[in-house]
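Read the structure below first, then the notes.
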Amino acid sequence: MTGMATESGTPLRLLAPGMPRRLILATLAGAAADLAGIALIAAAAWMITRAAEQPPLAALSVAIVAVRAFATTRGIFRYGERLSGHDVALRAQAGTRERLYQALVPTGPLPRRGADLLSRMVDDTDAVQDLLVRCLLPALAALLAGTAAVVLTAFILPFAALLLALGLLVAGVALPAGTAAAARRWSARIAPARAELAARVADLVHGAADLAAYGARDQALSAGMDADARLAKLERGQSRVNAAALGLGVLVQGLTVVAVVLAARSADLDGVATAVLALTSLVSFEPVLPLGAAGERFAGVLAALRRLREIGATPPAVAEPGDPLTLPETPPTVEIEDLVVRHGDREPALNGVSMRLAPGDRVAIVGPSGAGKSTLLAALMRTVDFESGNIRIDGVDIRRYASDDVRARITGLTQDPYVFQATLRDNLRLAGPESSDEDLAHAVRQARLDGWTDRTGWDTTLGEDGRTVSGGQLQRLALARALLFDPQVLLLDEPAEAVDEETADALLADLLDATRGRTTVLVTHRLRGLEQVDEIIVLEGGRVVQRGPHDALVATPGYYRDLWESEVLTRR
Amino acid sequence: MHKDLLRLARSERTVRPHLAACLAAAVAAGVLVLVQAELLAGVLSGRFAVAVLLPLALVVAARGLLGWGRGVFAGRTATALKSALRRRLLSRFQEPDTAGSQRSGELVTLAGRGLDALDAYLTGYLPAVAVAGVIPIAVVVRLFVADLETAVIVLLTLPLIPIFGALVGWTTRAVTQQQWEALTRLGGHFLDVVRGLPTLRAFGRARHQASVIQQVAAAHRTATMRTLRVAFLSSLVLELVASLSLALVAVPVGLRLLSGSLDLHTALLVLLLAPEAYIPLRAMGTTFHAAMEGVAAADQAFSLITPTIARDHAQVREQPADLPKPARNHAQIRIQAPGLRISGRDHAPPEIRFEGVTVRYPGREENALDAVTLRISPGERVAIVGPSGAGKSTLLHALLGFVTPSEGRVLIDGADLSGLDRDEWRRRLAFVPQRPHLFAATVAANISLGSDASPDEVRTAAAAAQAAEFVEALPYGYETELGERGANLSAGQRQRVALARAFCRPSAEVLLLDEPTARLDGRSEAAVVEATRRLSEGRTSIIVAHRPAMIELADRVVRLHDHAQRGAA
């Protein structure tokens, strides 16, 4: 608990130690590049107007050297800024990702259709990069360069410096603040329109068969294009605001120069000073004007950071004990007593379930979808907390142990197993980092995956989202992982899901062989072979409606017998 | 420059004027910069009176206005072009992609957020290219008039920017291309790990993975920086050429002023104008990288669009919802079972014949359906059974016209299906796919899909499909908005909404069901079987089935064998 508290106390800090120094270096390089640009024009203006007064050549030599020096260094400083800025940004992003991951580890299972949410979250960590490279660095560099330009002007004519400062503030602070505010307001309106378009598009593509069969395609297409039109209208509105900011920036720059020249003239400055003032003012806007666009991006960055902070503040799925006990090494007895689990404020997913698992016991959980079968496994794995009742391991409250330790003993094949973009070997190895190739091969044989491994080989990289893996292969890969991990209490959540019937029967038969003498909880839809398990529990609506051995359940009317009869009938 | 995109922009009436206005505003603003330089040089050199500051202010105001106009029209161009592309993309799937190609996910992303990548290309890069094409030439021409020597220097150094740019790009391409793949892989690692977190958690690897993330991120950074060190060289060269050219112009001008061979006005004009020759080229360079993402999106979009144009009618036909029932025009309809005719229908259930029908999906080695010959009498209830992969669903898809047989033919009352009007034929069908798609709309809209059924008819259909009870228990009953893909319903409930859809088509004569009871619990199954029994009365029914209760419903069971001997699963 203590470790948890400090982690959530500083959720997703932006900069790791050592970063400020790099950031300062990058900022200085950027400011130096901006300043070199301003100084180049100022020196050139001075040199030319002074030359027109036809002084001795020596009077110009410093300016000539300066012009050449500034011309050379500007590009080099810019190069340095871009490199060091990106380096800092990548470091910050890596840090953010790691902290985001650390924050995610203790949170519970993510929402079912969370794939898009996850991509969005990962995109959000890019925002840190944008914050530094596109917002913070240019703003700081512009601040330094702008200040230097104002100071330089102040030496020539304080009033002109005042005008310049005013112009720079409007272009560099007021305009970006305006674009940021506008972006925030517009994105609040654009986001729902975008979501609606996405929903329409998904319907059109994923529901293509239904739409074609029912002749509703054109209607759906025009609904999609209507959503597109609504979004386009909002986007045009947003671009109008940004265009106004762009135009205003140019206007402020030009008017500032005009005002500075006017001031210089009314102060009766000579031609040299006036030219230097005018050109310095003109060029000092160059680092400032892009800040309008940065302001727009800044609003998006802030929203992304806010979302990340919310994730960092998500309470963990289960409360960890402050002083966890050590779990016994021997195979445990697990007792579940009157367990009630509720997801959010819905009806309880489990409502008073009790069961006992002695070492070597095998229990099957059967029931329609939504009966609470997976929730029961999640409670055993400590990925979800319970509201009342208890789970005891060898008589000790499961909440006295660290959830990681519990999962080292009680785990297995979970719902929605995932295939990583890695080789088949590495995908298996994550369940047994120390396993030998023989162990791997054994687990693969037990999961009836050996045909596939023979065909594709152990070192084939499996695709994104399991693209190169079929549903059945995925299931068997997950099963192989569970068998390789070999926990003291093996949990199997529908191991024969998405496998055709013959294979499913064979797989379950093998499984029941392999788990003989091993404490096992098996959630299944297929009943063949269940006469071998010690107890079958039928769940419906979060309650145990029937329990007992196969023969007894088949003899009593109810869900189990119906399912069994239907299964016998299909077997031909 | 993206040829397809520009062709589309030119041909679309909704895009062209906006694009033209945007480019014109950008170029005009560029020209005004030259006027501004002229006036400013005049004032600073003392040639023009201070009163010239007023026209100068006006020029500035005009530039601001043009900048605003450029932004507004760029926004209009971008939205109009995105809409045009989106319409084409969405029309792409005129027919469902039954081969299950992976491009549907790609299409969803692209037609949604993906096209936004075009913004940078359209609003930033294109105008920058237009300005770069006009302004440097205008500057050089003006310089030729003002001061030949400077003009020559600018003219000679100007080409160095594209030349060096190309040279650096050419030498770095090999390096970056090579690293690109590694970068993508490393960059994707984090998402992969986050997605697989539940699995990692189950095997106690979640904490360990944090250090892996760190390592991979460090490797990613090192690789990226290696790429960037080279990639930024091109901008370094651009910057150096531009600023050194300025020095190259300014110093001789100063020396010539000293000798009195040049007047101050020209000198200042040269100083103000010379940078303007380089700025458009640099602006083009800086918008280039962001624009390339847009080019990638455009490439992807056009690669998805193009096959349709070659294939069949891609244009969208607006179809009024209350289309009158089509007039009977099937000369060859033989009414075989008059007793089966149901009022409100145009036809009696047809006789369906498969004659040696073989279907092979492009890019697959095995046939999905292998020389199937089958006759289904009007009003017959046929159960199709067989192992997975035997082509059960493909059989239905062939009948729906989603796929065209590569050999053999499907006959409807003796007429080849490929010769019939597909839409009209489908109006005679009611289809419940294996995983029906529920739309992000109300329950009522989901049930009355493609028809103009009244609320009462929707309710009747739902009741017949055993769906009324749970629908009425929803917070807003039939007006409840379903989440994405019907997320707030259970599998059995989704299936029954899809069955209600079929009931909502009383005119349908042929019922096609694809494993309607897969993944259902016993009670849901019984409800669906009962609903199916009622729905199939008086209709020809082809039911892909695997559960006994459903198979028992059939008059005849047809077993498809796995010819291709595909592996299990």
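Worth pointing out:
- Between B:S418 and A:R400, the simple spin-label model (points 7 angstrom out along Cα→Cβ) gives 7.6 nm.
- Look at the alpha carbon pairs under 8 Å that are at least 6 residues apart: their mean separation over the length of the range A:347-499 gives a relative contact order of 27 percent.
- Rg and Dmax of the range A:334-570, both derived from C-alpha coordinates alone, stand at 17.8, 51 Å.
- Here the extension length gained between A:Q532 and A:S187 equals 118.2 nm, from 0.36 nm per residue of separation less the Cα-Cα distance.
- Counting only aspartates and glutamates at least 8 places from B:K82 when in the same chain, those with an alpha carbon closer than 18 Å to its own are A:E196, A:D226, A:D228, A:E235, B:D4, B:E12, B:E106, B:D116, B:D119, B:E293, B:D299.
- Derived scalar couplings between HN and Hα for the range A:197-213 equal 4, 4, 5, 5, 5, 4, 4, 4, 7, 6, x, 4, 5, 4, 5, 5, 5 Hz in order, rounded to whole Hz, by the Karplus curve 6.51 cos²θ - 1.76 cosθ + 1.60 (θ = phi - 60°), x for Gly and Pro.
- Distance from the Cα centroid of the range B:394-427 to that of the range A:251-325 is 63 Å (rounded to whole angstrom).
- What the Kirkwood sum gives for chain A is a hydrodynamic radius of 29.6 Å, with every pair of different alpha carbons counted.
- Gain upon complete extension [B:T14, B:A218; 0.36 nm per residue less C-alpha separation]: 68.7 nm
- Placing +1 on the Cβ of every Lys and Arg and -1 on the Cβ of every Asp and Glu, with no other charges, gives the protein assembly as shown a dipole of roughly 2680 debye about its Cα centre.
- Percent of Cα-Cα distances greater than 18 Å, calculated over the range A:104-254: 74 percent
- Sites matching GluC sites (Glu not before Pro) across the range A:393-496 that sit in DSSP coil, with at most 14 neighbouring C-beta atoms within 10 Å: A:E434
- Rounded to the nearest 0.05, the FRET efficiency derived from the C-beta distance between A:V62 and B:H289 at R0 = 35 Å is 0.35.
- One Cα centroid belongs to the range A:63-103, the other to the range B:258-305; the line between them spans 22 Å.
- Since only B:L238, A:V406, B:G196 are under comparison, the one whose Cα sits farthest along the positive direction of the charge dipole of the protein assembly as shown, derived from C-beta charges on Lys, Arg, Asp and Glu, is B:L238.
- Per residue Cα convex hull volume in Å³ - calculated over the range B:339-559: 124 Å³
- Projected over all directions and averaged, the alpha-carbon convex hull of the protein assembly as shown occupies 49.1 nm².
- Selected from A:A66, B:G538, A:A278, residue furthest toward positive end of dipole (the protein assembly as shown; charges at beta carbon): A:A278
- Likely footprinting exposure, B:V241, B:V443, fewest C-beta neighbours within 10 Å first: B:V241, B:V443
- Whole-Hz Karplus values for the range B:284-295 come out as 4, x, 6, 7, 4, 5, 4, 5, 5, 5, x, 4 Hz, taken residue by residue from phi with 6.51 cos²θ - 1.76 cosθ + 1.60 and θ = phi - 60°; glycine and proline positions read x.
- Taking other C-beta atoms within 10 Å as the exposure proxy, B:W68, B:W425 rank B:W425, B:W68 from fewest upward.
- Label-to-label distance for B:E472 and B:V31 is 7.4 nm, based on points extended 7 Å past Cα in the beta-carbon direction.
- Amide H to amide H, with H built 1.01 Å from N, A:E497 comes under 5 Å of no residue 5 or more places away or on another chain.
- Stretchable slack from B:V52 to B:D4, in nm (0.36 nm times residue separation minus alpha-carbon distance): 12.6 nm
- Stokes-Einstein D (µm²/s) once Rh is taken as the Kirkwood radius of the range A:68-179 over alpha-carbon pairs, at 4 °C in 1.567 mPa s: 74 µm²/s
- Label-point separation in nm, A:D437 to A:M19, each point 7 Å along Cα→Cβ: 4.4 nm
- Sorted by Cβ neighbour density within 10 Å, fewest at the top, the residues A:D268, A:D338: A:D268, A:D338
- In chain A, the calculated helix contribution to ellipticity at 222 nm averages -20500 deg cm²/dmol per residue, counting -39,500 (n - 2.57) for every DSSP H run with n ≥ 4.
- Bridge orientation summary for the protein assembly as shown: considering DSSP beta bridges with both residues in this region, about 50 percent are antiparallel.
- Per-residue 3J(HN,Hα) values for the range A:156-166, derived from phi via the Karplus relation 6.51 cos²θ - 1.76 cosθ + 1.60 with θ = phi - 60°, read 8, 8, x, 5, 4, 4, 4, 4, 4, 4, 4 Hz in sequence order (x marks Gly and Pro).
All of the numbers you see were taken from the coordinates with simple rules; none came from a lab. Model, not experiment: these values are computed from the prediction. Using ideal geometry, Cβ is built from the backbone for each residue, glycine included, and neighbour counts are taken over all protein chains shown.
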